[in-house]
Amino acid sequence: MDRKAGVLGRFGPDDGAALRAAVTDAGPGPTAILVDDVEDLIDTALEAGVLALPATNAVRIVAGSTDSMASIYRGLVPLARRSRCGVLLGPYRAIDGELLGVRTSANIDPRPGRALLVERGTLTRVQVALPWRG
């Protein structure tokens, strides 16, 4: 990952203390923590580090497969489920909405980037943009 302005770094499963230090060193203000493949971080130092960050200072954004996340009952996944906010990227199944407390119909629009934005029980169809390749 190239170092970019505002990016604190890339952290692995054992880097919980390094993550907390980087967020502390960044100073006051909100920090967005992006966690990919959250199902692979259960009971790791990194998951503990993310959970230890004050909710007033950190927005946690997690990504993972709905099949795996549906059977995880501790750590970051239930925290994300309780928020009832997220994006379901297509193709998705009717059951996938249950992760965020909503009922959905099966994805009927197969175009890339089609998704459902879930905000506390409200569904909005959205198009997720591709990175600009200038």
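Residues that are at pLDDT below 90, small (Gly, Ala, Ser) and surrounded by 11 or more Cβ atoms within 10 Å (Cβ to Cβ) within segment 53-63 comprise just one, ALA58.
Yes or no: GLY49 at negative phi, touching an Asp or Glu at 6+ places or on another chain (Cβ under 8 Å) and outside any loop (DSSP other than H, G, I, E, B)? For GLY49, the condition - at negative phi, touching an Asp or Glu at 6+ places or on another chain (Cβ under 8 Å) and outside any loop (DSSP other than H, G, I, E, B) - is met. Taken over segment 10-36, the residue count meeting the criterion of being surrounded by 12 or more Cβ atoms within 10 Å (Cβ to Cβ) and either assigned to a loop (DSSP other than H, G, I, E, B) or among the aromatic types (Phe, Trp, Tyr) (or both) is 5.
For the residues ALA26, ALA45, the requirement of being within 28 Å of LEU8 (Cβ to Cβ), over 17 Å from the mean Cα position of the chain (by Cα) and at pLDDT 90 or above singles out ALA45.
Mind listing just one residue for me: the one in segment 57-78 that is touching a residue at least 12 places away in the same chain (Cβ under 8 Å) and part of a loop (DSSP other than H, G, I, E, B) and, of those, nearest to ALA21 (Cα to Cα)? Give the derivation first.
Filtering segment 57-78 down to residues touching a residue at least 12 places away in the same chain (Cβ under 8 Å) leaves 57-66, 68-70, 72, 74-77.
When the remaining residues are screened for being part of a loop (DSSP other than H, G, I, E, B), the result is 57, 63-65, 70, 72, 74-75.
Values: ASN57: 13, ALA63: 23, GLY64: 25, SER65: 29, ALA70: 31, ILE72: 27, ARG74: 24, GLY75: 20 Å.
Per the stated criteria, the residue is ASN57.
Set side by side, the residues LEU51, LEU88 differ, and just one is under 19 Å from VAL118 (Cα atoms), within 17 Å of the chain's Cα centre (by Cα) and of a type in the set (A, V, I, L, M, F, W, C), which is LEU88.
The values are calculated or read from the model by the stated rules, or taken from the named source; none is laboratory data. Being a predicted model, the structure only gives us computed values, none of them experimental. Positions of Cβ are backbone-derived with ideal geometry, glycine not excepted, and every protein chain shown enters the neighbour counts.
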